[in-house]
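The values are calculated or read from the model by the stated rules, or taken from the named source; none is laboratory data. Bear in mind the structure is a predicted one, so any value in this text is a computation, not a measurement. Note that we place each Cβ from the backbone using ideal geometry, even for glycine, and neighbour counts take in every protein chain shown. Just the protein is used for accessible areas: all its heavy atoms, side chains included, with ligands, DNA and RNA removed. Shrake-Rupley method; radii C 1.70, N 1.55, O 1.52, S 1.80 Å.
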Amino acid sequence: FPIPTPLSRLKVTLNSGKMAIIKSGKVVIVLAGRHAGKKAVVVKTFDDGNDDDKRFSHCLIAGIARGPRKVTRGMSKTTVEKRSRTMKPFVKYVNVRHVFPTRYVVDMDLKKAVDEADLASAERKVDVKKGLKKIFEDKYLNQKDVTSEKKATGSNYFFQKLRF
């Protein structure tokens, strides 16, 4: 029988498939699969699913598979940039029940960077991930330039390692 993990306790049960909480820009934690325990940002949601292979409510997420390395105050600017380049993004369609919405929101415009048609082929998906990496790095290095305090805390939370 399955051994309970800390992430299995976070499974969300949604009443009759309503997805009022999960909107684009919301920071979520992935609960199942290869990227379980990683943070991601919702790019687009599909409430009723589609006619093809996903007949359930799901969402397109973009997240960080490997986060930036630790930075201290004494490090030079070039060292900080070098250590932030270790980020590795991922893009994925996920069932809504396999993500845990947090209270944080990030103001990253990922709809332009992640085009659904590009995710079909492997070569174009690599290009999408490279674009995401650039967006995530810019956002990480320029966290002070955020307009609202709520989005600044969301950005700060998104780039921190999940502790559990």
Q.
Here's a check for you: in the range 123-134, which residue that is more than 12 Å from the chain's Cα centre (by Cα) and of a type in the set (A, V, I, L, M, F, W, C) is surrounded by the most Cβ atoms within 10 Å (Cβ to Cβ)?
A. 128
Q: Could you tell me whether any residue of the range 51-67 is out of contact with any Lys or Arg (no Cβ under 6 Å at 6 or more places or on another chain), polar (S, T, N, Q) and surrounded by fewer than 16 Cβ atoms within 10 Å (Cβ to Cβ)?
A: no
Q: Mind listing whichever residues of the range 115-154 are touching a strand residue (DSSP E or B) at 6+ places or on another chain (Cβ under 9 Å), within 16 Å of residue 85 (Cα to Cα) and either in contact (Cβ under 8 Å) with a residue 24 or more places away in the chain or assigned to a loop (DSSP other than H, G, I, E, B) (or both)?
A: 129, 132, 133, 135, 136
Q: Mind counting the residues in the range 73-113 that are more than 20 Å from residue 146 (Cα to Cα), open to solvent by less than 60 Å² (accessible area, probe 1.4 Å), in contact (Cβ under 8 Å) with a residue 24 or more places away in the chain and not hydrophobic (A, V, I, L, M, F, W, C)?
A: 3
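If only one of 37, 49 is free of Cβ contacts under 8 Å to residues at least 60 places away in the same chain and on the phi > 0 side of the Ramachandran plot, which one is it?
On inspection, the qualifying residue turns out to be 49.
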Q.
So if I check each of 44, 11, 18, which one is within 28 Å of residue 137 (Cα to Cα) and either at pLDDT 90 or above or of a type outside the set (A, V, I, L, M) (or both)?
A. 44
